[in-house]
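Reading through the structure tokens given below for one structure.
The values are calculated or read from the model by the stated rules, or taken from the named source; none is laboratory data. Predicted model only: the values in this text are computed from it and were never measured. Every residue, glycine among them, receives a Cβ derived from its backbone with ideal geometry; neighbour counts consider all protein chains shown. Calculation scope for accessible area: heavy atoms of the full protein, side chains included, ligands and nucleic acids excluded. Shrake-Rupley method; radii C 1.70, N 1.55, O 1.52, S 1.80 Å.
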Amino acid sequence: LASTAITCFTRGLDLRKRTEDVLCPANCPLWQFYVFGDGIYASLSSICGAAIHRGVITNAGGAVRVQTLPGQENYPAVNANGIQSQALSRWASSFSVTPATKDTALEAVGRSVSTARPSTGKRPKKTPDKKAGNKDCKADIAFLIDGSYNIGQRRFNLQKNFLGKVAVMLGIGIEGPHVGVVQASEHPKIEFYLKNFTAAKEVLFAIKELGFRGGNSNTGKALKHTAQKFFSLENGARKGIPKIIVVFLDGWPSDDLEEAGIVAREFGVNVFIVSVAKPTTEELGMVQDIGFVDKAVCRTNGFFSYQMPTWFGTTKYVKPLVQKLCSHEQMLCSKTCYNSINIGFLIDGSSSVGESNFRLMLDFVSNIAKAFEISDIGSKVAAVQFTYDQRTEFGFTDYVTKEKVLSAIRNIRYMSGGTATGDAISFTVRNVFGPVKDGPNKNFLIVLTDGQSYDDVRGPAAAAQKAGITVFSVGVAWAPLDDLKDMASEPRESHTFFTREFTGLEQMVPDIIRSICKDFLDSKQ
């Protein structure tokens, strides 16, 4: 048998004969090998990778005899000779590798095969469970790939190769990063979701299968669609894990990215732009908005934009990009008004309210609380009821799920008595906000009252604002507008709400939520 020269990445299934002698080149990059199994390898595996793994050759290359074998179940994951093979539950065909006969080796490489390291017969040690993935890289990532005529079929395939390398290096796994892919062209197409695959090899197969769509590069449309639709819990997004969209852009987009960037930030998504082949000076005239990268990225601090000159020779760009995607403390857009605030409700329980109106007040409190992502690492809610006296119904750390918070609100019992709003504000700032004042969340106080306070409200409200708490005042029926304005944060118009009837509280809910989110975003600028 004469040896056939192959590349580092030729797979078992690329060979046609039952037994074939091949010649592996020297200096293949070990970390790029995809090898499945141990001793008997799934035919998806790189032949040279399997040969080094088995100890038949070293990274200096050499001649290898490849024997095609039937498929089998359960190819094990084993670390040997610097290569981590991966587990695979089933594949249709397999192969084994042995040293090629001496004369073939000499004929092929003109030297003895003594550089090869025959298998010692010892079983290499089993490695830790690969399924868990890289636990230090917590991220839910959508790769938004360019499938437009801009990029064309050939560069589209190079883009897929680059994406495959990134996917392998991320360390995808159940407890590590999860990824999905969306293709941007005329209309966006979600190719697969976060929940579809939790192993790198499955993601690689899915990437290999991606077909080129063509059409305009409507990246803005695809980015907005991805930010709104991709990261739902039913599609596999995980609570408390940073959401990331990595946009691959060949050249420039044919639509506007600004609105999509705003939507992504509102949804708490961290947008990265990987731009390849930036527009040349002559082409700039065709670009709708020269500053398109800055409009779309999470922050314009340089961290979220990444440039590659071309799709060729991209291997050296893989690791720096992966390091960025795994730096969860840098994901500044993960924090949104929905998951990063504390809301304290100060509820008037005076006798002028009455039992049935008090229930309407509690419905109002529930409807606001419902809008937020309440968890131990997310937003938190507390409630205090007041008359002349104050009663903490529950503090910020008492309930850390939305269901428990809503149930606690429903179970608040009406006190009945006088109205001392100023004292109640001081009590709440000290006892409810005091324990969380150094925490990461932004603090909001919503004061809900139906009448004149017997004490001064201006001093306590100013002290609350000085302590970093944004105060909203919500008045019903006989609550004097001057009191409400004195309590509210600046600008007072957007922090003061009033309704004649208790039934009018319901209509205010969306406006109050919107104002909270606006305050939150303004505080982050």
Inset, instruction - List the number of the failed condition for Val293; all other conditions in (1) over 30 Å from Lys239 (Cα atoms); (2) open to solvent by 10 Å² or more (accessible area, probe 1.4 Å) hold. - result: (1)
Inset, instruction - Residue by residue through segment 470-494, note down the ones that are open to solvent by 30 Å² or more (accessible area, probe 1.4 Å) and either of a type in the set (A, V, I, L, M) or in a strand (DSSP E or B) (or both). - result: Leu481
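Could you grab me the full set of residues in segment 1-50 that are in a loop (DSSP other than H, G, I, E, B), over 32 Å from the mean Cα position of the chain (by Cα) and hydroxyl-bearing (Ser, Thr, Tyr)?
So the first thing to find is which residues in segment 1-50 are in a loop (DSSP other than H, G, I, E, B), and the list is 1-3, 6-10, 15-18, 25-29, 33-35, 39, 43-45.
When the remaining residues are screened for being over 32 Å from the mean Cα position of the chain (by Cα), the result is 1-3, 6-8, 10, 15-18, 25-28, 39, 43.
Selection gives Ser3, Thr7, Thr10, Ser43.
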Inset, instruction - Mind counting the residues in segment 10-57 that are open to solvent by 10 Å² or more (accessible area, probe 1.4 Å), under 20 Å from Gly171 (Cα atoms) and either modelled with pLDDT of 90 or more or among the aliphatic types (A, V, I, L, M) (or both)? - result: 2
Legend entry - Breaking point among (1) in contact (Cβ under 8 Å) with a residue 12 or more places away in the chain; (2) in the same structural domain as Pro435 (by the TED database), for Lys404: (1)
Legend entry - Count of residues meeting criterion [open to solvent by 10 Å² or more (accessible area, probe 1.4 Å) and out of contact with any Asp or Glu (no Cβ under 7 Å at 6 or more places or on another chain)] in segment 218-241: 10
Legend entry - All strands (runs of 3 or more DSSP E) inside segment 159-259 with 3 or more residues being closer than 30 Å to Val400 by Cα and not hydroxyl-bearing (Ser, Thr, Tyr): 178-184, 243-250
Inset, instruction - Filter segment 302-326 for residues that are open to solvent by 20 Å² or more (accessible area, probe 1.4 Å) and under 16 Å from Ala139 (Cβ atoms) and give the result. - result: Phe303, Tyr306, Lys319, Pro320, Gln323, Lys324, Cys326
Legend entry - Residues satisfying the stated conditions in segment 374-418, i.e. among the β-branched types (Val, Ile, Thr) and in a helix (DSSP H, G or I): Val405, Ile409
Inset, instruction - Go through the residues of segment 494-508 one by one and say whether even a single one is of a type in the set (A, V, I, L, M, F, W, C), at pLDDT 95 or above and within 20 Å of Phe433 (Cβ to Cβ). - result: no
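Per-residue answers, yes or no, for (1) of a type outside the set (A, V, I, L, M, F, W, C); (2) more than 15 Å from Arg410 (Cβ to Cβ); (3) part of a helix (DSSP H, G or I):
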{"site": "Lys316", "(1), (2), (3)": "yes, yes, yes"}
{"site": "Pro320", "(1), (2), (3)": "yes, yes, yes"}
{"site": "Glu329", "(1), (2), (3)": "yes, yes, yes"}
{"site": "Ser352", "(1), (2), (3)": "yes, yes, no"}
{"site": "Ser366", "(1), (2), (3)": "yes, no, yes"}
Legend entry - Among (1) surrounded by fewer than 21 Cβ atoms within 10 Å (Cβ to Cβ); (2) touching a helix residue (DSSP H, G or I) at 6+ places or on another chain (Cβ under 8 Å); (3) closer than 24 Å to Leu158 by Cα; (4) touching a residue at least 60 places away in the same chain (Cβ under 8 Å) - the single one Ile245 does not satisfy: (1)
Inset, instruction - Hey, can you tell me all the residues within segment 327-355 that are within 23 Å of the chain's Cα centre (by Cα) and among the small types (Gly, Ala, Ser)? - result: Ser327, Ser334, Ser340
Legend entry - Given (1) modelled with pLDDT of 90 or more; (2) open to solvent by 60 Å² or more (accessible area, probe 1.4 Å); (3) within 36 Å of the chain's Cα centre (by Cα), index of the condition Gln67 fails: (3)
Legend entry - Count of residues meeting criterion [modelled with pLDDT of 95 or more and either more than 16 Å from Gln183 (Cβ to Cβ) or part of a loop (DSSP other than H, G, I, E, B) (or both)] in segment 121-146: 1
Inset, instruction - Count, please, the residues in segment 419-447 that happen to be surrounded by 24 or more Cβ atoms within 10 Å (Cβ to Cβ) and in a strand (DSSP E or B). - result: 3
Inset, instruction - Return the residue satisfying two criteria in turn: it lies in segment 180-204 and is under 20 Å from Asp250 (Cα atoms) and open to solvent by less than 10 Å² (accessible area, probe 1.4 Å), and of such residues it is nearest to the chain's Cα centre (by Cα). - result: Gly180
Inset, instruction - Select from segment 215-228 the residues that are at pLDDT below 90 and small (Gly, Ala, Ser) and write down the one among them that is nearest to Val179 (Cα to Cα). - result: Ser217
Inset, instruction - Confirm whether Val353 is touching a residue at least 12 places away in the same chain (Cβ under 8 Å), touching an Asp or Glu at 6+ places or on another chain (Cβ under 7 Å) and open to solvent by less than 50 Å² (accessible area, probe 1.4 Å). - result: yes
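Okay, residues lined up against (1) in contact (Cβ under 8 Å) with a residue 12 or more places away in the chain; (2) on the phi < 0 side of the Ramachandran plot; (3) touching a helix residue (DSSP H, G or I) at 6+ places or on another chain (Cβ under 8 Å):
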site	(1), (2), (3)
Arg16	no, yes, no
Leu23	yes, yes, yes
Asn27	yes, no, no
Gly39	yes, no, yes
Ser43	yes, yes, yes
Ile47	yes, yes, yes
Ile52	yes, yes, yes
Thr58	yes, yes, yes
Gly61	yes, no, yes
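Filter segment 205-217 down to the residues that are aliphatic (A, V, I, L, M) and either outside the structural domain of Ala260 (by the TED database) or open to solvent by less than 10 Å² (accessible area, probe 1.4 Å) (or both) and list them by number. Walk me through it before giving the result.
So the first thing to find is which residues in segment 205-217 are aliphatic (A, V, I, L, M), and the list is 206-207, 210.
Answer for segment 205-217, where residues must be aliphatic (A, V, I, L, M) and either outside the structural domain of Ala260 (by the TED database) or open to solvent by less than 10 Å² (accessible area, probe 1.4 Å) (or both): just Ile207.
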Inset, instruction - Determine whether Arg458 is of a type in the set (Lys, Arg), more than 25 Å from Phe396 (Cβ to Cβ) and at pLDDT 95 or above. - result: yes
